[in-house]
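Report on the following structure.
The values are calculated or read from the model by the stated rules, or taken from the named source; none is laboratory data. Please read all numbers here as calculations on a predicted model, not as lab measurements. When we count neighbours, we look across all protein chains shown, and the Cβ atoms used for this are built from the backbone with ideal geometry, even at glycine. Ligands, DNA and RNA are stripped out before the accessible areas are found, and what is left, the full protein with its side chains, is counted by its heavy atoms. Shrake-Rupley method; radii C 1.70, N 1.55, O 1.52, S 1.80 Å.
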Amino acid sequence: MAMIRCPECGQRVSSMALTCPHCGVGIKGHLRECPHCGEWMLDDQSKCPECDSPVETGGDSPSATEETGTGQVQSGHNDYAGSDEGRPNTKKVGKKSNTVWWVAAFLFLLIGIGSIWAAGAYFKYKEDVLDAQVEEEMRVRMMEEEKRNKEFAEIQRKDSLDWVYAKEVNTVASMERYLELHPQGNYMDDAMMRRDILKRTEVTEEDRARIRSILESKLTEAATRKNKSGDILAFHYQISGDLAITKEETSTGSMQFFAKCKVNETISRTDPTKPTDSTFVLRAILDIDKNVLEINL
């Protein structure tokens, strides 16, 4: 028995083994020497696996079948010559091994393709879901922005209308009303400035009543002191209509009241044929304490 290299897989194997324990190819009775390099090859191989030289199949090529007492491998005819019965089918074994490898490779390829397809489908699904979410978020944001724009436009419109009204009324109350409705309005600074000015120059009802009373008292004094001549018995003065009063700041920084009104003069006479009624304009200036500084009849 000698150790040789298997012509199929190149592994070390006994020349007396029925098949190669590594690849399963038939060994005993299926070997012959390569006429070119002397290496062992299978009797059905057309090329030497060692030197790759072409070799005729069949014929009288010696086969390694037995081992002599000296340990040398003797060449001889195939133990199964003339009959295929009981002979290992090396072609079927080789083909079966190749088929298994091809099937395994094909299955591996299918699994790889399936995995790639599944991964692609999954990522495509995730991408579609993400795109749908982004599109929905954009739609919601656009709707919210449109709503905010409409609300802002309405606020601006009301802001302008309320400011026009506040300026037309032009009182402390109207300015404070605007500031209450629009604390961050476009005209907030103007409203605050006008309010402060109006507060300094505002004429209250109390001011009006007090100044009217003072002017009526002055008119009564004037009627009493006025010189009476001829048929005149007495003079009577009465404020007619509204009393226009403004409060202004002078160049010195002090505040003064300016009053203007119509006054009806009635004269009591002994001669009824003479005129008894007349109207004139009264102008007066008073200080902040309602003291009359100047009066013109």
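There is no residue in region 169-181 that is charged (D, E, K, R) and in contact with an Asp or Glu (Cβ under 7 Å, 6 or more places away or on another chain).
From the list Glu8, Glu50, the lone residue that is at pLDDT 85 or above, closer than 22 Å to Asn98 by Cβ and of a type in the set (Asp, Glu) is Glu8.
Candidates Asp271, Asp277: the one that is open to solvent by 90 Å² or more (accessible area, probe 1.4 Å), more than 26 Å from Thr171 (Cα to Cα) and among the acidic types (Asp, Glu) is Asp277. Give me the pairs, please: first residue somewhere in region 196-221 and within 14 Å of Ala259 (Cα to Cα), second residue anywhere and of a type in the set (Lys, Arg) and at pLDDT 90 or above, beta-carbon distance under 8 Å, and either six or more positions apart or on two chains. Qualifying pairs under 8 Å: Thr201/Lys247; Glu202/Lys247; Val203/Lys247; Asp207/Lys247; Asp207/Lys290; Arg210/Lys290; Ile211/Lys290; Ile214/Lys290. Among residues of region 106-139 being open to solvent by less than 90 Å² (accessible area, probe 1.4 Å) and acidic (Asp, Glu), the one that is farthest from Cys23 (Cα to Cα) is Glu136.
Can you give me the number of residues within region 222-259 that are farther than 17 Å from Arg283 by Cβ and of a type outside the set (A, V, I, L, M)?
15
Here is a check on your reading of the model: is Arg148 part of a helix (DSSP H, G or I), surrounded by 10 or more Cβ atoms within 10 Å (Cβ to Cβ) and free of Cβ contacts under 8 Å to residues at least 40 places away in the same chain? Answer is yes for this residue.
Taking Ile267 as the residue in question, decide whether it is in contact (Cβ under 8 Å) with a residue 24 or more places away in the chain, touching a Pro at 6+ places or on another chain (Cβ under 9 Å) and not in a loop (DSSP other than H, G, I, E, B). I'd like the intermediate steps shown before the answer.
Values: in contact (Cβ under 8 Å) with a residue 24 or more places away in the chain: yes; touching a Pro at 6+ places or on another chain (Cβ under 9 Å): yes; not in a loop (DSSP other than H, G, I, E, B): yes.
Considered against the rule, which asks whether it is in contact (Cβ under 8 Å) with a residue 24 or more places away in the chain, touching a Pro at 6+ places or on another chain (Cβ under 9 Å) and not in a loop (DSSP other than H, G, I, E, B), Ile267 comes out as yes.
Would you pick out the residues in region 1-42 that are part of a loop (DSSP other than H, G, I, E, B) and open to solvent by less than 30 Å² (accessible area, probe 1.4 Å)? Don't jump to the end; show me each part of the working.
Here is the first cut: in region 1-42, the residues part of a loop (DSSP other than H, G, I, E, B) are 1-2, 6-11, 15-18, 20-25, 27-30, 34-39.
Of everything in region 1-42, those that are part of a loop (DSSP other than H, G, I, E, B) and open to solvent by less than 30 Å² (accessible area, probe 1.4 Å) turn out to be Ala2, Cys6, Pro7, Ser15, Ala17, Cys20, Gly24, Val25, Ile27, Gly29, His30, Cys34.
Just checking, does region 97-105 include any residue being part of a helix (DSSP H, G or I), open to solvent by 100 Å² or more (accessible area, probe 1.4 Å) and at pLDDT below 90? Checking region 97-105: at least one residue is part of a helix (DSSP H, G or I), open to solvent by 100 Å² or more (accessible area, probe 1.4 Å) and at pLDDT below 90.
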